[in-house]
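**Q** Sending over a structure as structure tokens; questions will come in a sec.
The values are calculated or read from the model by the stated rules, or taken from the named source; none is laboratory data. Since the model is a prediction, treat every value here as computed from it, not as a measurement. Note that each Cβ is placed from the backbone with ideal geometry, even for glycine, and that neighbours are counted across all protein chains shown. What goes into the accessible areas is simple: the full protein's heavy atoms, side chains included, and nothing from ligands, DNA or RNA. Shrake-Rupley method; radii C 1.70, N 1.55, O 1.52, S 1.80 Å.
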Amino acid sequence: GPIFLAYRRREGIEEVVREAMRGRPVYDFTAEDGVTHRLWVIDGVEAVVRIRREFAQVDAIYIADGHHRAASAVKVGLKRRREHPDYDGTEELNYFLSVLFPAEELRILDYNRVVTGLNGHTFEELLDEISKKFHIEERASAFHPACKGETAMYGAGRWYLLTARKELYTDDPVDGLDVSILQNHILEPLLGIRDPKVDSRIQFVGGIRGLEELVRLVGQDVTKVAFAMYPTSM
């Protein structure tokens, strides 16, 4: 599948796209999953030259999805180059399939967590420990965090708003992410999740599945807890 790339919008590119979309699409169909696909082909020499010129002014392109596939493609490409030292750069080994979207047309959904086992704590003890670094407010029903710094927690049949204290944040771009705050101050020290990439006790739930999925996964099990995150901005 194609690598999903994002770039900062340029009006010159948008003008070419808008002009192409005034015509009839080459393909126009609705797939079995209900998603409609429309495809326009831009093959005019002048339009292609303009798009190439505009993209030459784009400082950086960001991988929105497909990091591992991109890294694998690079490794294979380098391997093939070593095997064929006479390559000239036009061979397929020098490329991978990708699709690019202006960042302004994209939205990152929340990526939530469910943890099994409270690392020896009762739920009330866990709340008490969390309160040392987060402001806690019980909510009457399910809710999404409203801004950066807020996390929704569900456990023992109740929802809580966790607001990180300001002193938890640093200028580091990674440590300052809400998911890092959660990992560094709750998941690892309190719940014992040292490496979330390999720990079988943590489950990641895409935001497209809704808060209902978190409630379903936790169920009536008082040794499970869920965290709903505020989505990272583009």
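**Q** I need to check one value: relative contact order of segment 79-234, counting alpha carbon pairs closer than 8 Å and at least 6 residues apart, in percent.
**A** Working: 222 pairs, mean separation 60.4, N = 156.
Answer for segment 79-234 is 39 percent.
**Q** Tell me the label-point distance for the pair Glu11, Glu105, using the 7 Å Cα-to-Cβ offset, in nm and rounded to one decimal.
**A** Reported label-point gap for Glu11 and Glu105 is 1.8 nm.
**Q** When ligands, DNA and RNA are left out and all protein chains stay put, how many square angstrom of accessible area per residue does the chain have with a 1.4 Å probe? Display every interim value, and only then the final one.
**A** Values: 15360 Å² over 234 residues.
Computed with neighbouring chains in place, this is 66 Å² per residue.
**Q** Tell me, what % of the accessible area of segment 114-234 is carbon and sulfur with a 1.4 angstrom probe?
**A** Numbers: 3330 of 6480 Å².
Answer for segment 114-234: carbon and sulfur cover 51 percent of the accessible area.
**Q** Excluding same-chain pairs closer than 8 in sequence, count the lysine pairs in the chain whose Cα atoms lie under 18 Å apart.
**A** On the way: Lys132/Lys166; Lys133/Lys148; Lys133/Lys166; Lys148/Lys166.
Taking the Cα cut-off of 18 Å, the pair count is 4.
**Q** Label-point separation (nm) for Ala20 and Arg80, each offset 7 Å from Cα along Cα-to-Cβ?
**A** So the two model labels end up 2.4 nm from each other.
**Q** Picking from Leu217, Leu182, Leu97, which is most flexible by a Gaussian network model of the chain using Cα springs under 10 Å?
**A** Maximum among the listed residues: Leu97.
**Q** Percent of accessible area on segment 16-82 owned by carbon and sulfur, 1.4 Å probe? Spell out each step's value before the answer.
**A** Numbers: 3040 of 5640 Å².
Carbon with sulfur: 54 percent of the solvent-accessible area.
**Q** Limiting things to C-alpha atoms, what are the Rg and the maximum Cα-Cα separation (Dmax) for segment 1-101, in angstroms?
**A** 16.6, 47
**Q** Could you compute how fast the chain diffuses translationally, taking Rh as the Kirkwood radius over C-alpha pairs and applying Stokes-Einstein at 37 °C with viscosity 0.692 mPa s? Give it in µm² per second.
**A** Values: Rh = 21.5 Å.
Reported coefficient: 153 µm²/s.
**Q** If each residue of separation counts as 0.36 nm, what is the full-extension length gain between Val222 and Glu54 once their alpha-carbon separation is subtracted?
**A** Values: separation 168, 0.36 × 168 = 60.48 nm, distance 5.56 nm.
Answer, rounded to one decimal: 54.9 nm.
**Q** Shifting gears a bit: Can you give the accessible area of His144 in Å² (nearest 10), computed on protein heavy atoms with a 1.4 Å probe?
**A** 110 Å²
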